[in-house]
1. Please list the non-local residues whose amide H lies under 5 Å from the amide H of Leu57, H modeled 1.01 Å from N, same-chain partners needing a gap of 5 or more.
2. What is the Cα convex hull volume of the chain when expressed per residue in Å³?
3. Please sort by residue number the GluC sites (Glu not before Pro) in region 1-79 whose DSSP state is loop and whose Cβ has at most 15 other Cβ atoms within 10 Å.
4. Net charge within 11 Å of Val152 by Cβ-Cβ distance, Lys/Arg positive one each and Asp/Glu negative one each, not counting Val152 itself?
5. Quick one: which residues, 5+ away or cross-chain, put their amide H under 5 Å from the amide H of Ile211? H built at 1.01 Å from N.
6. Could you tell me what percent of the DSSP beta bridges with both partners in the chain are antiparallel, to the nearest 5?
7. Excluding Asp225 itself, calculate the net charge of residues whose Cβ lies under 15 Å from the Cβ of Asp225, where each Lys or Arg counts +1 and each Asp or Glu counts -1.
8. Going by C-beta contacts inside 10 Å, put Tyr163, Tyr203 in order with the fewest on the left.
Amino acid sequence: MQRIAVSGKGGSGKTTIAGTLARLSGRKLGHVLAVDGDPNPNLGRAMGILREGPWPLLPPDTMKVEEIDGKKVSRLGKPIREILATHSITGPDGVRLLALGEVEASGKGCLCSRHAMVREIVGAAMEEANEPVVLDMEASLEHMRRGTVKHVDKLLVVTEPYYRALESAGRLVRLARELGLAKIYAVANKVRSPTEEEVIKDYFANLEVPIIAIIPFDDSVTEADLEGKAVIDHAPNGAVVKAVDGMLNRLMA
Ligand SMILES: Nc1ncnc2c1ncn2[C@@H]1O[C@H](COP(=O)(O)OP(=O)(O)OP(=O)(O)O)[C@@H](O)[C@H]1O
Ligand SMILES: [Mg+2]
């Protein structure tokens, strides 16, 4: 497993899937970095990693701007290990969580584009610190335009089985292809019937995007949410965890 980003329409299940994927990856690999790129971070709860108080913004020296061939490029201002040592928190199964900080958090945070920050952190994590990465993304399409996923090896596009969600997934796929990402996989989530499964299969067959997992709608996810727990802790042998585990095996194959 290398660097995997989880994208998709708002509410499609990105965080649930990214959190479960990170925990299962940690079990298999011994260590993994989960990056919460959402300005409204909640990946921690989906993984059973809780933090007291809001996530602080990363400090201004996290990024620096370099001029290369007359072009301004944002780079990490310090080694990734230092950023992880001071800002990540460790949870179960060898998962480390780094959130970029909440937009509402007070203090003098880094004002660089958070897209650039996510991009550089994901790139450096694997290259400098040999950490596989699971990145939970915000729902907006903006990160595609800004190349946030440039250093990602595999992009998952999560979709629900209804047409507006599929069209939204289709737009993400097109933008990801424009960015030059080769390994794009669809994840069908909240699937309740064979008919729904067929609709999703037809849609992605037309786009020539492989479906890497079909995850059923499962009440255990809602129950876990109600209790504020990670699905993997609430229903470790449930259908959702099994489906994500199958997906991880395919991603690692
Ligand atoms: N397989 C599933 N079965 C039942 N409910 C699910 C499933 N996956 C996700 N959900 C529910 O869907 C809602 C959205 O899930 P989640 O927060 O993971 O989505 P998201 O794409 O990260 O949302 P956002 O765009 O707000 O970040 C939650 O209430 C969650 O419990
Ligand atoms: Mg989310």
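1. Amide H neighbours of Leu57, under 5 Å, 5+ apart: Glu102.
2. Dividing the Cα hull volume of the chain by its residue count gives 123 Å³.
3. Here the GluC sites (Glu not before Pro) that fit, given the DSSP loop and packing criteria, are Glu52.
4. Residues close to Val152 contribute a combined charge of +4.
5. So Ile211 has HN proximity to Ala186.
6. Taking every DSSP beta bridge within the chain, about 25 percent pair in antiparallel fashion.
7. Value of the local net charge: -1.
8. Tyr163, Tyr203
Laboratory data are not the source of any read-out in this text; all were calculated from the coordinates shown. Please read all numbers here as calculations on a predicted model, not as lab measurements. Cβ atoms come from the backbone with ideal geometry, glycine included; neighbour counts cover every protein chain shown.
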